[in-house]
Every structure is written in structure tokens, then in C-alpha cells.
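The values are calculated or read from the model by the stated rules, or taken from the named source; none is laboratory data. Since we're looking at a predicted model, the values are computed, not measured. No Cβ is skipped: glycine too gets one built from the backbone with ideal geometry, and neighbour counts run over all protein chains shown.
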Amino acid sequence: MDASTLFINAIDHWRDNKGIGTALIPPPLNDKAMILGVLQKLYSKTPNIISIIVVNNFTERTELIEYITHQDDEENNNEFKKLIDSKLIKIFTVNFINRDDFNMKVNVAIVYHCEEISKNVFNLLNNTKFKLVILNKLNLDAENLNKLYSVCPLLSDFKQNEIDEIRTSTPVEEMRIGVNIPDNTETFKLLQYYDEYISTSINIFGSFDNIELARIGYAAANISATQFCYHLAEENGWNEHLDMSIDLNVQIDALYNPANIRDRAMQTYEIMRKRTRLLTDYDGKLDKILEIVEENKNKHILIINKFGEFAAKVTKFLNDMSASEICGDYHDRVEPVPARTIDGFPIYVKSGANKGERKMFAAKAQKTYNEARFNNDYINVLSTNNAPDKDLCAAIDVIIITSPLCEDIESYMYRLSKVVYPANKIKLYSLYVKDTIEEKRLKNKTISKTHILAENGQNNENLDENFDFVVAD
């Protein structure tokens, strides 16, 4: 079921319920669509009814007016502008409704994102024939919910499994961009060393599973790492009584001595970790990231990196290369910074022993602060790690994933349940280092029916099929 069908069914359900009900519509669904659909049905049937819409603040009022008067249908837009201008649709903040002298009779009452059911809001709903309450989260306490449901029972249309399906089926348009590591650099030589070391280990152990057994054993079968290493050594001709005057035995001992096998397994795991970091955090990606950001200057961009340290480097690089600060960190790998208001003014400690000193923002406060700046257009880029905070609530136009060793885009679409996509699609850029495990991982990723791949250049079809792409985090 797509979002439009979900809303059509919910509006019909509300109508069949005598025009009474509460709709809990979580992101990524645009809950303003419910208001628009209800108003369209009401005013097409009865053009002169009077409606009140109650919102929390002037920002929500502006956004709602913008939405219902800026659809693709110009006739719709003109009609709703006339209805608002003629006061047939009145949009008030809850503070106005809560005034002592408020007393207004209307045909339709819509309460949007109410944070409490005040006496006046309750009376408005109770005394109005047609009423709709829209919530995007259950932020009301039990008392307020009971009060609300007594006049506007909950509609059951927006089931979580259907919303999850809609969220994860958002169309994706992906551009894959490869970067090179020049072969005359120390980075290239180090990558070659890592690759050769891991390949040799695979030959020694036979598989990655055996490397793990030699490193940590197999608890389910009660096999210790030491036992496995002895077993592997003996299978390859080693024993405690080798005649070390024979060169071949010296070579066998060097490769298959149980202690050496365990050390090799531990070292291989560490080499794999280092190779992963070399690729995911490769500085050669920074210029490409900047190019993408500059191509999408008027867009809201989320950059997802494998590790927080590189996410912080991305933030610094983008800000250093821009005329003003455009990017904020949204992860935990940050140092405390002096606190600022969203407008950039310093915040000081107001009381206590440290009164007058500059307040500091730790990681959590920085995420909240940067999310607010992002949503209010002070910055247009957020840089996060492989596990973005699930509480991120923002509208995103473009996503940049800086390594295929991150999760798949579908995982982020599911995880970031409060993120919305205004264009109803995701413009995705995937960066990778050419001729490496990153390219192979990208090449082997499966994509859904709604995922359109726009290749930038050709993948290297000659990548060694035996080239490993196991990642050690």
C-alpha cells in the first residue's frame, strides 16, 4: 500500500465515523496531507462551512498555509487562498484558542500536533460537529489522551507495518562515484601490504572462518582457540618433535607452530581493521564530497560515514573550504565546544560556582544544536556515523554514503523513522575507492525495484573474484 492509498482510506474512515476521530500519523508520512484531503472533501460538498485549524505556533501555521495553497493543481491553490482570505478557514495558534474571551462556533475543528488538551481546546472539539485531531507522536499523558479520545476516538488506519513498508520503499536515485589512490603514494603501498598479508593468511588458514576459530575458538562446540590452533598445525605437518636441522621443518614451524598460528590470526584481524579504516577514511574522498555538496547548495544533505572520526573530519573540511559554516556534526566523536544559541550568541552559566563562565556543549547537546540549525537553515549539511541517532528529525533531500562498508541505504531508511524526504525520493551518492574491497562490496550489493542506479563510469569487471571483502570493524 502506498502513502496516497493510506490517506484515502483514513479520510474515508473518518467520514464513515461521522467526521470524528484522531489520526496518529508518524513520519515519514506528511500528516498535512490528511488535513488537505479532509478540507477538499468538505468544501467540494459544502463551500460555505466554517473551519478552525488549531496549531502550536506561527511556524506551523505558516507551513500549513504554504502546503495547502501550493499543490500541483493551481485551481486547488486559488480556491484555498480564497477560503483563507474570506475567513471560512481560520488557522489559529493554541495560545489564541486559550484566551479567556475565546468563544467561537464553527462547523469543523481540526487540532494539529496538540501538546495538551486545554479546557478551551476540549470545549472547541466537544461543541463542534465535525472534528479531527492529528498527532505525529504520542506526546500526551494518559489524562490528556483519555480526554481527547472521549470526544475524538483514535482511527486505526496508520498501522506501523504499513508505514515501515512505505518508508523503506521510498524511491532511490543513486550515483556511484569512484576515487583513485595514486600508485606512487605511501597509502597505496600500505594498502598493497595489507592486501598481500590478508591473502597469505587466507592461504595459511584456508578460510576466514578458520581465522576466527584460531582467534576466538568456537564456544558452542566447546572448542578453544588453542585447541583449534593445535589441530590446524598438526593437519599441516607440524608436531612438537620436528627435526629443526631440516630446512623444510623450520619453514613448517614458522608457519604452523600453534603459537605462531594464533599470533597470525590476531594480526590478520588487526590488519583487516586497519585496511577498513584506510579505505573508509581515505582523505581522497573529501574533494568529491565537497563537489557533491557544492552541486546541491540549496539542498538539505546528510553525509553518512563509517566512523565518527571521519565524520568529524568531513565537517571540518567542508567548513574550512566554504565561505561560511555549512556543516554540523551529528555523532559522538566530538570534543566539548563552547555553547551557542542557534543564532550564534554565546551561552553562559547563570548560577552556581561556575556562574559567568562559558557553558559547554558535549556530544548530545551538539547533536541537538546542529539538528536545530539544520532544520532552521543555518546550515544545510549534517555529518554522521554508521549508526545515526534514531531521534534525528529532519527533511533530507540528498544522502552521501562515503563508503560501501557502511550499511545499505534501506537500513538507514528504516532506522531514521523521523526523517522525511520532501521530494518523495532520495538522491543518493555512494563513494568508493576503485579496485578495492569497497568497489567489490558496492558491485555485490542488491538493490530494490524502486532503486535506480545511474553509473558514473564503468565498474572494473576484472576485479579478482577471490579478492576478499570481509570487514573487521
Could we say that Leu302 is among the hydrophobic types (A, V, I, L, M, F, W, C), surrounded by 15 or more Cβ atoms within 10 Å (Cβ to Cβ) and part of a strand (DSSP E or B) here?
yes
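Kindly establish whether Pro404 is touching a residue at least 12 places away in the same chain (Cβ under 8 Å), in contact with a Lys or Arg (Cβ under 6 Å, 6 or more places away or on another chain) and over 30 Å from Ile437 (Cβ atoms).
no
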Kindly check whether there is at least one residue in the range 130-148 that is of a type in the set (Lys, Arg) and in contact with a helix residue (DSSP H, G or I) (Cβ under 7 Å, 6 or more places away or on another chain).
yes
Restricting to the range 67-114, and then to whatever is under 32 Å from the mean Cα position of the chain (by Cα) and hydroxyl-bearing (Ser, Thr, Tyr), can you tell me which residue is nearest to Val151 (Cα to Cα)?
Tyr112
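For (1) farther than 30 Å from Ile409 by Cα; (2) touching a residue at least 40 places away in the same chain (Cβ under 8 Å), each residue gets a yes or a no:
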position	(1), (2)
Ile166	no, yes
Ser169	no, yes
Val172	no, yes
Met175	no, yes
Ile181	no, yes
Phe188	no, no
Asn203	yes, no
Gly206	yes, no
Ala220	yes, no
Checking the structure you have, find out if any residue of the range 182-193 is outside the structural domain of Thr436 (by TED's automatic domain parsing) and at positive phi.
no
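Quick one: which residue in Lys274, Lys288 is over 18 Å from the mean Cα position of the chain (by Cα), in a helix (DSSP H, G or I) and in the same structural domain as Asn386 (by TED's automatic domain parsing)?
Lys288
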Which members of the range 424-449 meet the condition of being hydroxyl-bearing (Ser, Thr, Tyr) and either in a helix (DSSP H, G or I) or farther than 17 Å from Val398 by Cβ (or both)?
Tyr432, Thr436, Thr446, Ser448
All-but-one check, Arg277 against (1) of a type outside the set (Val, Ile, Thr); (2) in contact with a strand residue (DSSP E or B) (Cβ under 7 Å, 6 or more places away or on another chain); (3) surrounded by fewer than 21 Cβ atoms within 10 Å (Cβ to Cβ), failing number (2)
For the range 161-207, what are the residues that are crowded, with 16+ Cβ neighbours inside 10 Å and more than 30 Å from Lys449 (Cα to Cα)?
Ile181, Thr187, Leu191, Tyr194, Asp195, Tyr197, Ile198, Ser201, Ile202, Ile204, Phe205
Could you list, in sequence order, the residues of the range 280-289 that are surrounded by fewer than 21 Cβ atoms within 10 Å (Cβ to Cβ) and of a type in the set (D, E, K, R)?
Asp281, Asp283, Asp287, Lys288
Only one of (1) out of contact with any helix residue (DSSP H, G or I) (no Cβ under 6 Å at 6 or more places or on another chain); (2) in a loop (DSSP other than H, G, I, E, B); (3) under 30 Å from Met272 (Cβ atoms) does not apply to Asp391, and that is (3)
For the range 242-257, indicate whether the set of residues that are under 30 Å from Thr384 (Cβ atoms) and either in a strand (DSSP E or B) or outside the structural domain of Asn319 (by TED's automatic domain parsing) (or both) is non-empty.
no
Take the residues of the range 411-457 that are of a type in the set (Val, Ile, Thr) and within 25 Å of Arg275 (Cα to Cα): which is surrounded by the fewest Cβ atoms within 10 Å (Cβ to Cβ)?
Thr446
Close pairs from the range 347-370: first on the phi > 0 side of the Ramachandran plot, partner aliphatic (A, V, I, L, M), Cβ under 9 Å, at least 6 apart:
Gly356/Val349
Yes or no: the range 323-340 includes at least one residue that is under 30 Å from Cys229 (Cα atoms), of a type in the set (Val, Ile, Thr), at pLDDT 95 or above and crowded, with 16+ Cβ neighbours inside 10 Å.
no
State yes or no: is Lys299 outside the structural domain of Thr226 (by TED's automatic domain parsing), closer than 19 Å to Asp377 by Cα and not β-branched (Val, Ile, Thr)?
yes
In the range 10-21, which residues are in contact with a helix residue (DSSP H, G or I) (Cβ under 6 Å, 6 or more places away or on another chain) and not in a helix (DSSP H, G or I)?
Gly21
